[in-house]
Amino acid sequence: MYDIFLKLVREELTTGKLLSLPDAKISDFQDFIRSSITTLHNTPLESRRFFIKAYKKAIRDADNLLRIRVAKTCLGARYDGETYDSEMLSSISAIIDFYRDLIIGAYIMPSKDSVVVKFKAGVKINGRNYRAGDIAPVDIRKALGLYILGVAEPMKQPIFNHLL
């Protein structure tokens, strides 16, 4: 059971596109870990050591799998449909889009630390309420978070609306 992520790493490395992370396999692994942890205190010391060693390997393999998937997403790979990490992958794509447009000077930026955004939904930031349709400068980090959540859209320089 603990080698699930190692198998997924091998599969992911064999293709340029993103593979689906199987919900059932990940849920089975999570259930296995939960049930193992609840009974771990009743197992012999050597069994606990083996479990911890295997769990650390699984964590390392999961980390490698996710880094590969993030790298592939950064390089433009997409997965059509739903997969276990669809929301995470779309957030990574949004970060890349935001960062790219920031670097190329596409956004209206009243200062180097803020971006003008148009709110798509009501939100409260630093004690101030914004409604859908409001336009205001926001700290870059907050603007990124709002963009990822789909709550606000950074405003582009008007010329970029026709160029891009």
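When the stretch 1-29 is examined, which residues are found to be touching a residue at least 24 places away in the same chain (Cβ under 8 Å) and part of a helix (DSSP H, G or I)? Hits for the stretch 1-29 are Ile4, Phe5, Leu6, Leu8, Val9, Glu12, Leu13, Asp23, Ile26, Asp28, Phe29. Among the residues in the stretch 56-65, are any touching a residue at least 40 places away in the same chain (Cβ under 8 Å), within 22 Å of Leu149 (Cα to Cα) and not assigned by TED's automatic domain parsing to the domain that holds Tyr147? Scanning the stretch 56-65, I find no residue that is touching a residue at least 40 places away in the same chain (Cβ under 8 Å), within 22 Å of Leu149 (Cα to Cα) and not assigned by TED's automatic domain parsing to the domain that holds Tyr147, so the answer is no. Take the conditions (1) at pLDDT 90 or above; (2) of a type in the set (S, T, N, Q); (3) in the same structural domain as Gly145 (by TED's automatic domain parsing); Gln30 misses just one of them, which is (3). Please tell me if Arg78 is under 20 Å from the mean Cα position of the chain (by Cα), touching a residue at least 12 places away in the same chain (Cβ under 8 Å) and surrounded by fewer than 13 Cβ atoms within 10 Å (Cβ to Cβ). In short, yes.
Within the stretch 10-54, restricting attention to residues that are among the aromatic types (Phe, Trp, Tyr) and over 30 Å from Asp80 (Cα atoms), the residue that is surrounded by the most Cβ atoms within 10 Å (Cβ to Cβ) is Phe51.
Taking each residue of the stretch 98-114 that is modelled with pLDDT under 95 and looking for partners that are in a helix (DSSP H, G or I) and acidic (Asp, Glu) with beta-carbon atoms closer than 7 Å, six or more apart or interchain, yields Tyr107/Asp101. Filtered by the rule that a residue be surrounded by 12 or more Cβ atoms within 10 Å (Cβ to Cβ) and under 22 Å from the mean Cα position of the chain (by Cα), the stretch 100-114 gives Asp101, Leu102. If you go through the stretch 94-143 and pick out every residue that is closer than 15 Å to Gln157 by Cα, in contact with a strand residue (DSSP E or B) (Cβ under 6 Å, 6 or more places away or on another chain) and among the aliphatic types (A, V, I, L, M), you end up with 7. Within the stretch 30-48, can one find any residue that is under 23 Å from Tyr147 (Cβ atoms) and not in a loop (DSSP other than H, G, I, E, B)? No, the stretch 30-48 contains no residue that is under 23 Å from Tyr147 (Cβ atoms) and not in a loop (DSSP other than H, G, I, E, B).
Looking at this structure, is Glu87 surrounded by fewer than 16 Cβ atoms within 10 Å (Cβ to Cβ), farther than 26 Å from Gly145 by Cα and out of contact with any helix residue (DSSP H, G or I) (no Cβ under 6 Å at 6 or more places or on another chain)? No.
The values are calculated or read from the model by the stated rules, or taken from the named source; none is laboratory data. From a predicted model like this one, the values you see are computed outputs, not experimental measurements. All Cβ positions, glycine included, derive from the backbone under ideal geometry; neighbour counts span all protein chains shown.
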